[in-house]
Structure formats: structure tokens, C-alpha cells
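What follows is one structure encoded as C-alpha cells, with my remarks underneath.
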Amino acid sequence: MSVHIGAKPGEIAETILLPGDPLRAKFIAETYLEDVTCYNEVRGMLGFTGTYQGKRLSVQGTGMGLPSISIYVNELISEYGVKNLFRVGTCGGMKEHVHVRDVILAQASCTDSGMNRHIFGGYDFSPIASFPLLKGAYDRGVAKGLNMHVGNVFSSDSFYRDDKSVVQKLMEYGVLGVEMETSALYTLAAKFGVNALTILTVSDHLLTGEETTAEERQTTFKEMMEVALDTAVSL
Ligand SMILES: O=P(O)(O)O[C@H]1O[C@H](CO)[C@@H](O)[C@H]1O
Ligand SMILES: O=c1cc[nH]c(=O)[nH]1
């Protein structure tokens, strides 16, 4: 086992889905995977391996925020050999044409986090999606007729903020949604030379105030889960 994951070597598949919420991981495993085993309960951050359409896949909760996902992604890649990582998360909508329950493919991510500034000596690194995963997910979303958007997202250290002016500026620059992990995921994928893509469902809207319930966020955002799973089996 690694520091935060209780799996034995070989118990985690090369391709993995990463929801922030461990109960979303359980829902994905119970709804879509066959022959499922739970390989991790450390800190309640559930992880499962099973098969989907005959392909071995895993799903692992990552918690909320860049530091939390960084712990899991570091250990998944460097200690368990994971090669393809799909974050399946929720975000706040930031543009009028992006509606609650729409799906966003995060082509790139900007951030207010200091993590990359420390790594790159004060310079800005551009965390970008893996193109094969992005293209695969886009093609599958189009084939399903989804209301889907591709573009920049904002990975923030803060869910609650006093000063809304930066968010307003990011909206003016076309950022589609706000969440809390993608910048770290894409940076670690670049560091280790593996593939990563974030697929988000818009769970609430910063402009309209529209919201979904915690139950919906945990279980009903099936379109993004199915785009991730269908892309994962095609690899
Ligand atoms: O639904 P998840 O995947 O957790 O993603 C979003 O939800 C959490 C905030 O409520 C943050 O982790 C944010 O990125
Ligand atoms: O991080 C998040 C996730 C959903 N909605 C938000 O406003 N922020």
C-alpha cells in the first residue's frame, strides 16, 4: 500500500476515473462496473476496481482541492502505474451559454493556487488536457448528442470568496466553469508523462444562482460518467 491508498500492487487498473466525492466513486462502481472489489477505505476515500464492457477500470475518490487530488494522483501514478486519468467532477457555470447539467471538457485550466508557482520558481505553467483523451471524449459526447462545451476552467483554492472581481475577470476571458482540482491533475500528468482529462458537470451557476442538490451531485450526473467510461474503454 502507499501512504494514502490501501491497495496491493496490481489492484488498481491503468485507467481510472477520479471523482472528488468518494460516494460518487461508489455510485460509479456499483452502477457501471462488474466483478467489483473495493481496494481502498483509508480515510473513507473509496477506491474500486472492476470491468466495464470487458475492460479493467478503477475509480477513486480524490477529495476536494488541489492538495488533496495531488496526493492521490501522485500515489496512483508513481506507486500503482496508472496511465490514464479521467477526473469526473462538478463545477460552477461561469458563462451564460453554459447551463446547469451541461458537460464541460476542460481543455486547460487556470488557477489562483500557489502550487505551480512554487514548482516553477514564480513562472506560470499552462496545465492542459491530454489531446487523445480530449478528442476521444469530445467525439463520444457529440455522438451522444450532449450539451457539451470545450474550453478553459478555473481551478480555485477557494469555494467561498469575498472578492468576486477575479472571477468576473475570468468570465470576461471566456473561462467556462470553476472547480478545485484540474490544474493539479494536468500538471502532475505532464510531470509523469501520462494522460489526463477533466470532464465536469455544471452543478450550479455563478450568474443565475441555479443549484442542484447534494444527492444529484453524488449520483445523477451520468452523462459525464458515461463519456469517461466510453472513452476509457476505447484506449
Ligand atoms: O464534485 P467534485 O468532483 O468534488 O468537484 C467540485 O466539488 C467540490 C466543491 O464542492 C470541489 O472538489 C470541486 O472541484
Ligand atoms: O468548486 C466548485 C464546484 C461547484 N461549484 C462551484 O461554484 N465551485
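Points to keep in mind about this one:
- Put in line by how crowded their Cβ is, counting other Cβ atoms within 10 Å and starting with the fewest, M225, M64, M45 read M64, M45, M225.
- For segment 53-118, the alpha carbon convex hull comes to 141 Å³ per residue, rounded to a whole number.
- Pairwise FRET efficiency - K8 versus D162, Cβ, R0 = 41 Å, nearest 0.05: 0.35
- Largest to smallest principal axis extent of the C-alpha atoms in segment 83-141, angstrom: 38, 30, 15
- When the Cα atoms of segment 180-235 are aligned to their principal axes, the ranges along those axes come out at 38, 24, 17 Å in descending order.
- Among residues other than E34 with Cβ under 12 Å from its Cβ, the summed charge is 0 (Lys and Arg +1, Asp and Glu -1).
- Members of K8/K144; K55/K169; K26/K144; K95/K222 lying beyond 31 Å, as alpha-carbon distances in this model show: K8/K144; K55/K169
- Proximal charge balance of K222 [Cβ under 15 Å; K/R count +1, D/E count -1]: -2
- Other residues whose C-beta falls under 9 angstrom from the C-beta of G89 contribute a net charge of -1, scoring Lys and Arg +1 and Asp and Glu -1.
- Within straight-line cross-link reach of K164, aspartates and glutamates at Cα separation under 20 Å, skipping those fewer than 8 residues along the same chain: E96, D112, E172, E179, E181, D204, E210, E211
- Panel order for D230, D124, D162, by other beta carbons found within 10 Å of each beta carbon, from fewest to most: D162, D124, D230.
- For segment 150-178 and segment 28-94, distance of Cα centres in Å: 26
- Aspartates and glutamates with Cα under 17 Å of K135, excluding same-chain neighbours fewer than 8 positions away: E223, E226, D230
- Just so you know, the Rg over Rh for the chain is 0.94, from Cα atoms, with Rh as the Kirkwood radius.
- Here segment 134-235 is treated as an ellipsoid with the same Cα gyration tensor; its semi-axes, largest first and in whole Å, are 24, 19, 13.
- Whichever lysines have a C-alpha closer than 19 Å to that of K191, once near sequence neighbours (fewer than 8 apart) are set aside: K83
- Base-10 log of normalised Debye intensity for segment 56-186 (one unit scatterer per alpha-carbon) at q = 0.11, 0.18 Å⁻¹: -0.41, -1.10
Every number in this text was worked out from the coordinates using simple rules, so none of it is lab data. This one's a predicted model, so the numbers in the text were calculated from it and none came from an experiment. Because the Cβ atoms are built from the backbone with ideal geometry, glycine has one as well, and the counts that use them run over all protein chains shown.
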